[in-house]
Amino acid sequence: MKPAFSVLMPVYHGDDPSQLDVAVRSVIDQSVRPDEIVIVEDGPLTRELSAVLDSYERECEGRLSRYRLRENVGIGNALRAGVTRCEHELVARMDADDISVPDRFERQLAVFERRPDVDVVGGYIAEFDDDPNDRYARRIVPTNHASIAARARFRNPMNHITVMARRRAILDAGNYRDFLGMEDYDLWVRMLSNGSTFANVPSVLAAARIDRRYSPRGGIDVARTEARLQRSFYRSGFIDAPIFLYNLLTRVTLRLLPGRIRGRLIARYTRTPP
């Protein structure tokens, strides 16, 4: 008998209703369907977004629950609230504009059943502009725990939208925190430091809707958040002084570069052809 699991998806007013429709449909039409879908409404939604969720709420007949936040609090805080409301021990992450491959959950559950020591299972993602079948790149991550832990000292070793994790391990590490788009990296490091075991499936588990001209976020606020994150890694003992200084020099500087240059550098070192 398969383990029961929840899917956690935050939604906010800026999401696209048609993309939300596709994202939720990809969760429902899985080879192994989730036992629960928890939607965190991060502040008031548009009528169009609410209509999409109303429709799926009726279709899922009690398997989809909605938790409404009175104001927009950001994805880190929305996820923090959502994790506490998931009923099952395994929690899969999903975003409102991405697409899970049809057997994503089946593959991840197989790892948890085969490896009871594992706490977090992710995988690769494929990136596309508008057509999910026209994928222009893959984001590959290390697959075994030792390689994941080693990469985490320098950059994020997991693709957040592909992750399924044990709820207890997330809570024991302190749950999500507000880190301006780096809330997942912050959580992985705290979980690694807390003794959690990680794995990645060596195949694409989700397709991410990312304009190939997109430049990852930069600017002074993001650079400050990056510096704060690296300080937390250093103070916790996860990284030593040389790595801390190296990360400040490379990662914080990267956030301050012009968007086009920043995008090219990140694409070169984090993506491969489809």
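State all residues of region 76-93 that are part of a helix (DSSP H, G or I) and under 14 Å from the mean Cα position of the chain (by Cα); if no residue qualifies, say none.
Answer for region 76-93, where residues must be part of a helix (DSSP H, G or I) and under 14 Å from the mean Cα position of the chain (by Cα): GLY76, ASN77, ALA78, LEU79, ARG80, GLY82, VAL83.
Just to be sure I understand, how many residues within region 44-71 are farther than 24 Å from ARG167 by Cα and open to solvent by less than 70 Å² (accessible area, probe 1.4 Å)?
10
Among the residues of region 13-25, is any surrounded by 17 or more Cβ atoms within 10 Å (Cβ to Cβ), assigned to a loop (DSSP other than H, G, I, E, B) and in contact (Cβ under 8 Å) with a residue 24 or more places away in the chain?
Within region 13-25, one or more residues are surrounded by 17 or more Cβ atoms within 10 Å (Cβ to Cβ), assigned to a loop (DSSP other than H, G, I, E, B) and in contact (Cβ under 8 Å) with a residue 24 or more places away in the chain.
To keep it simple, each residue is scored yes or no on (1) part of a loop (DSSP other than H, G, I, E, B); (2) of a type in the set (Val, Ile, Thr); (3) within 26 Å of TYR246 (Cα to Cα); (4) in contact (Cβ under 8 Å) with a residue 24 or more places away in the chain.
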{"site": "TYR124", "(1), (2), (3), (4)": "no, no, no, yes"}
{"site": "VAL141", "(1), (2), (3), (4)": "yes, yes, yes, yes"}
{"site": "ARG155", "(1), (2), (3), (4)": "yes, no, yes, yes"}
{"site": "ILE170", "(1), (2), (3), (4)": "no, yes, no, yes"}
{"site": "ARG177", "(1), (2), (3), (4)": "yes, no, yes, yes"}
{"site": "ARG190", "(1), (2), (3), (4)": "no, no, yes, yes"}
{"site": "SER203", "(1), (2), (3), (4)": "no, no, no, yes"}
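Kindly indicate which of ARG231, ARG262 is farther than 24 Å from TYR124 by Cα, of a type in the set (Lys, Arg) and either in a helix (DSSP H, G or I) or modelled with pLDDT of 85 or more (or both).
Just one listed residue meets the conditions, ARG231.
ASN175 versus (1) of a type outside the set (Ser, Thr, Tyr); (2) within 24 Å of ASP95 (Cβ to Cβ); (3) modelled with pLDDT under 95: which is the lone unmet condition?
All conditions are met except number (3).
Restricting attention to region 27-38, does a residue exist that is surrounded by fewer than 19 Cβ atoms within 10 Å (Cβ to Cβ), at pLDDT 95 or above and in a helix (DSSP H, G or I)?
As a first pass, look at region 27-38 and keep what is surrounded by fewer than 19 Cβ atoms within 10 Å (Cβ to Cβ): 28-33, 35.
Checking which are at pLDDT 95 or above leaves us with 28-33, 35.
Right, trim to in a helix (DSSP H, G or I) and you get 28.
Yes, that holds for at least one residue.
So which of ASP130, ASP117 ends up being open to solvent by 40 Å² or more (accessible area, probe 1.4 Å), at pLDDT 95 or above and not in a strand (DSSP E or B)?
None of the other options fit; the residue is ASP117.
Quick one: GLU226 ticks every box in (1) modelled with pLDDT under 95; (2) open to solvent by 30 Å² or more (accessible area, probe 1.4 Å); (3) not basic (Lys, Arg) bar one, so which box is it?
Unmet for GLU226, out of (1) modelled with pLDDT under 95; (2) open to solvent by 30 Å² or more (accessible area, probe 1.4 Å); (3) not basic (Lys, Arg): (2).
When you check ALA96 against the structure, is it in a strand (DSSP E or B), touching a Pro at 6+ places or on another chain (Cβ under 8 Å) and open to solvent by less than 70 Å² (accessible area, probe 1.4 Å), yes or no?
Judged against the criteria, ALA96 is not a match.
The values are calculated or read from the model by the stated rules, or taken from the named source; none is laboratory data. Not measured: the values here are computed from a predicted model. Cβ atoms come from the backbone with ideal geometry, glycine included; neighbour counts cover every protein chain shown. Remember, those area values only see protein heavy atoms, side chains included, never the ligands or the DNA or RNA. Shrake-Rupley method; radii C 1.70, N 1.55, O 1.52, S 1.80 Å.
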